[in-house]
Amino acid sequence: MSEITIVRRIAARPSIVFEALTTGEGMSSWWGPDDGPVLFAAADAKVGGRFNVRFRKLDGTEHECSGEFLQIEKERRIVMSWQWVSGGDPGERERVSRLELNLRPIDTGTELTLIHAELNDEESARSHGWGWGGALDKLARRFAAPGADLPRGRSPQP
């Protein structure tokens, strides 16, 4: 079994990053390895709840993953199972792996640590590392604009 760990600093409070990781609306804004669109995203963020995301890469291929929320510590930690429904890494089809997302407040926002464990082999770990790296870069860009993490309906103060 193999695993990857990726750390990103996000310019948003942990509560805002947590929402982006646990809601369909939030997931649809950053999921996928490149700038292709998310076609569908749904999440029932409670222990035993499910998530499902379908996205299209820029090369036109479509990929769908789903899983179950196993642990949730609001604004701190999310653990879920992960399985490819379609597309994805061929070595991972029919397999269930484990995704852990840890949030830590820092002066500039949130440090996010993603651990994708129980992957089939090193080749799968490299592939998932590339995919998650691109997705987390999109998440970081989403909040890079001034005021991007403000609650809806509020404007930044001059």
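One table, with the values for the structure above:
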{"read-out": "Computed [θ] at 222 nm, helices only, for the chain once each DSSP H run of length n ≥ 4 contributes -39500 (n - 2.57)", "value": "-6500 deg cm²/dmol"}
{"read-out": "Segment 35-156 - charge dipole about Cα centre, Lys and Arg +1 at Cβ, Asp and Glu -1, debye rounded to 20", "value": "600"}
{"read-out": "Length-normalised contact order for the chain - Cα pairs under 8 Å, 6+ apart - percent", "value": "29"}
{"read-out": "Prolate/oblate/rounded label for segment 1-48 (Cα gyration tensor, a/c 1.5)", "value": "rounded"}
{"read-out": "Least to most buried among Asp107, Asp137 (fewest other Cβ within 10 Å first)", "value": "Asp107, Asp137"}
{"read-out": "Net lengthening on full extension, Ala42/Glu122 (0.36 nm per residue, minus Cα-Cα)", "value": "25.8 nm"}
{"read-out": "Semi-axis lengths (Å, descending) of the ellipsoid that matches the C-alpha gyration tensor of the chain", "value": "25, 17, 15"}
{"read-out": "C-alpha center-to-center spacing [segment 73-121, segment 18-52] in angstrom", "value": "12"}
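Every number in this text was worked out from the coordinates using simple rules, so none of it is lab data. Note that the coordinates shown come from a computational prediction; the quantities given were computed from them, not determined experimentally. Cβ: placed from backbone, ideal geometry, glycine included. Neighbour counts: every protein chain shown.
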